[in-house]
Amino acid sequence: MLDGIQIDPIAFTIPIGDGFPIYWYGIIVTLGIALGALWGAREIARRGQNVDEFLNGLIIVIFSGYLFARLTYVTLESFAGRGDQFTTFLDLINIRSGGINILGGFIGAAFVGWLYLRWRKLNFWHYADVAGPAILLAQGLGRWGNFINQELYGPPTTLPWGILIDENHRLPQFTDLTQFPLDTRFHPTFLYESIWLLLGFVVLTLLNRRFRDTWRPGTLFGVFLVWWGAGRAFLEFFRPDQPTIGGSIITYSFLLAVALAVAGVYVILKRNERMPEIFGRRRRRVLKPKPRRQS
């Protein structure tokens, strides 16, 4: 299906100095963010919240999210013993050189967004409900930038929808052409994730339309965390590029994804006051007075 499709990663070059290349990856990601922001702005208006505050906060969250995503990637690469490539401060923050961790970026961006909404005295949960589906849409479309870059692919496969990867885009463990010749196919992990994310956007949009006025704010955000975290945790087993913990098959991103899914369950229960007693407030035990002994 995707065989033979090779697109130059550079869309065009701005004639500044020696030339400033603009990559298709950046264009596709920007398009995804724009569509997610458009949907989010319309939905936040339906909820009676401030659209301008949403857009202002969105700018802050996007930039902080990419910064945290880069720092998380650098940190995990260093944990895996592959941090020698980051020798200067520019190496640490240079997103254009490749390498971000979207899960770490989301956690950082969510914290910054919470601080912003708290400062502006706005209802965090309404904005979180809107952010969830918008993120699924933006990332689901943005994953196709990985296809153009020939990245985010999985292990070798004989399945008919496997994709071909050029020799110069292969991970180190797949560069031996005697073991993995040029006609070796690989799992299109980017496609799996894109389908899961876009399907999630459709599901959450339908749930939002049906239960917007009945669900407590924050419930949809909890569903988003469960959907996104569970899907990403499963896909981590198709990500040979991710640093693992020791010699195991468990990646750091797998643990982050599971933590997000568990946090989603917590948010759903907490926002609907259905927390088990062990997680919620403990009921006070009323001690009955002991009956007096008859003498």
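Here, each number is a calculation from the coordinates, and none is a lab measurement. Note that the structure is a prediction, hence the values are computed from the model and not measured. No Cβ is skipped: glycine too gets one built from the backbone with ideal geometry, and neighbour counts run over all protein chains shown.
Has the range 212-224 got any residue that is in contact with a Ser or Thr (Cβ under 6 Å, 6 or more places away or on another chain) and either surrounded by 14 or more Cβ atoms within 10 Å (Cβ to Cβ) or at positive phi (or both)? Within the range 212-224, none of the residues are in contact with a Ser or Thr (Cβ under 6 Å, 6 or more places away or on another chain) and either surrounded by 14 or more Cβ atoms within 10 Å (Cβ to Cβ) or at positive phi (or both).
Looking at Phe86, Phe106, can you tell me which residue is surrounded by 14 or more Cβ atoms within 10 Å (Cβ to Cβ), touching a residue at least 12 places away in the same chain (Cβ under 8 Å) and outside any helix (DSSP H, G or I)?
None of the others qualify; the one that does is Phe86.
In this structure, Phe180 does satisfy being surrounded by 16 or more Cβ atoms within 10 Å (Cβ to Cβ), touching a Pro at 6+ places or on another chain (Cβ under 8 Å), of a type in the set (Phe, Trp, Tyr) and in a loop (DSSP other than H, G, I, E, B). If only residues of the range 33-77 that are without any contact (Cβ under 8 Å) to a residue 40 or more places away in the chain and in contact with a Phe, Trp or Tyr (Cβ under 7 Å, 6 or more places away or on another chain) are counted, the one that is surrounded by the fewest Cβ atoms within 10 Å (Cβ to Cβ) is Ala41. Candidates are the residues of the range 134-177 that are surrounded by 15 or more Cβ atoms within 10 Å (Cβ to Cβ) and of a type in the set (Phe, Trp, Tyr); the one that is farthest from the chain's Cα centre (by Cα) is Phe174.
Yes or no, residue by residue, for (1) within 30 Å of Ile163 (Cβ to Cβ); (2) of a type in the set (Val, Ile, Thr):
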residue	(1), (2)
Ile28	yes, yes
Gly36	yes, no
Arg46	no, no
Asn94	yes, no
Phe106	yes, no
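Can you spot a residue in the range 157-179 that is within 19 Å of Ala233 (Cα to Cα) and touching a residue at least 40 places away in the same chain (Cβ under 8 Å)? No - not one qualifying residue is present in the range 157-179.
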